[in-house]
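> Quick one: the structure is below, and I'll ask about it shortly.
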Amino acid sequence: MKLNIAVLPGDGIGPEVTKQAIKALQAIALEFDHSFSFTHASVGAIAIDETENPLPEQTLDLCEASDAILFGAIGDPKYDNNPDAKVRPEQGLLRLRKSLGLYANIRPVKAYETLLDKSPLKKHIIEGTDISIYRELTGGIYFGEKHLSEDGNTASDLCLYTKLEIERIAHLAFKAAVARRNKVTLVDKANVLESSRLWRRVVTEIAKEYPTVALDFLFVDNAAMQMILNPKQFDVILTENMFGDIISDEASVIGGSIGLLASASVGDKYAMFEPIHGSYPEATGKGIANPIASILSAAMLLEHFDLFEEAEVIRQAVEKSLLLNITTPDLNTEHTVTTSKVGDFIADYISNPKDSNLNFSNIHLGQSTII
Ligand code: IPM
Ligand code: MN
């Protein structure tokens, strides 16, 4: 298969983790005789520095002309504590999601057998967890009208949803549940918010089209508690933009590190693949960022094009790196390896799984930088 992939590394650790995902994709292309091309473009704080625009026209054009987008991370502390900043890096990502109509953000959460002891949560609670979060991505409070009064003392953000916006992601969530364990949990705040009551009404209607799927409802405050009390109860979680943002960061604790969580943002025409983590500016350039979320996002990219075997090969390589403890300091404090060495191991393993032991000793003997 021939794929033109737009690469938007973004800020902070974005470029270094994305590089590892590209290595994995190149190894896959070689093994399976595909042709993947990668074209880079800027977004976020780095794009503001270059062009004063967090999403330059050229970047958007490239995305629209590509088969898929691989996204790194966005954000720079120099904007975080400046409420007066007129342009912000995050606007680049939000505009990109909106312009490309990427309304569904799919975030798989899994407890890896080999990492059960790395999570601050108890092993028996997280063991066997396998959740797919369907987060609405182009509506709600993120995109509703914003207002700041002249005197600067009053502000508001509107949370607006239409039936159509709810329906299209709900169908994707139910279809996913049919292929999984036939359960959808709608997370909302229907005891308080009118928009949540609309979600309940619309989703209840759609559920009738999927008779094998059990639909249940949880208020977001309770869902946040259930996520760490008993995450195994969840199969597919369907939720609006802001709740999905919060609950997915919380869910990352189950896996042992936010550096493991990948995501796919899809619409009717375009698809983008991005780790759920941020730009982690403190780690930039130190080689300590975990590239696995980005590499697993590349696996989701392959799956999007029905390259299931290829995606599975990436996942196996990732699991092998976890098993052999070839990991960055978020998962491993004794024999840490660098971001780039984790990427090398995974790419090597994809090309040559039989020699994994050799690869393993090379990594540890060749002496990767110990941080
Ligand atoms: C995410 C991020 C973004 C979001 C930020 C960077 C705008 O936190 O992808 O989860 O809030 O959606
Ligand atoms: Mn987030």
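> Can you tell me the length gained on complete extension of the stretch ASN182 to GLN58, counting 0.36 nm per residue apart and subtracting the Cα distance?
In short, 40.4 nm is gained.
> Within 10 Å, count the other beta carbons around each residue, average over each peptide in 143-154, 28-39, 254-265, and list them highest first.
254-265, 28-39, 143-154
> Enumerate the amide H contacts of PHE38 below 5 Å, restricted to partners 5 or more residues apart or on another chain; note that Pro and chain-start residues carry no placed amide H.
Amide H to amide H, under 5 Å and 5 or more residues apart or across chains, PHE38 pairs with ILE5.
> When you count, for each residue, the other Cβ atoms within 10 Å and take the mean per peptide, how do 276-284, 345-353 rank with the highest first?
Top to bottom by mean Cβ count within 10 Å: 345-353, 276-284.
> May I ask you to give the solvent-accessible area per residue for the chain, in square angstrom, as obtained with a 1.4 angstrom probe?
Using a 1.4 Å probe on heavy atoms only, each residue of the chain averages 44 Å².
> Is any residue of the stretch 184-202 close enough, with backbone N under 15 Å, to a label point placed 7 angstrom from the Cα of GLN226 along the Cα-Cβ axis, and if so, which?
184-191, 200
> Next question. Can you tell me which aspartates and glutamates have their Cα less than 14 Å from the Cα of LYS183? Leave out same-chain residues fewer than eight positions away.
Straight-distance partners of LYS183: ASP130, GLU209, ASP216, ASP235.
> Here's something else I'd like to know. Counting each DSSP H run of 4 or more residues in the chain as -39500 (n - 2.57), what helix-only mean residue ellipticity at 222 nm follows after dividing by all residues, to the nearest 500 deg cm²/dmol?
-13500 deg cm²/dmol
> What is the dipole size for the stretch 81-201, taken about its Cα centre, with +1 at each Lys and Arg Cβ and -1 at each Asp and Glu Cβ, in debye to the nearest 20?
Result for the stretch 81-201 is approximately 620 debye, rounded to the nearest 20.
> Just name one of ILE288, GLN233, ALA347: the one whose Cα is farthest towards the positive end of the charge dipole of the chain (beta-carbon charges, Lys/Arg +1, Asp/Glu -1).
Result: GLN233, furthest along the dipole toward the positive end.
> For LYS78, list the lysines whose Cα falls under 20 Å from its own Cα; do not include residues on the same chain fewer than 8 positions away.
Within reach: LYS86, LYS286.
The values are calculated or read from the model by the stated rules, or taken from the named source; none is laboratory data. Computed from a prediction, not measured in an experiment: that's the story for all the values here. Glycine gets a Cβ as well: all are built from the backbone with ideal geometry, and neighbour counts include every protein chain shown. With ligands, DNA and RNA removed, areas are computed over all heavy atoms of the protein, side chains included. Shrake-Rupley method; radii C 1.70, N 1.55, O 1.52, S 1.80 Å.
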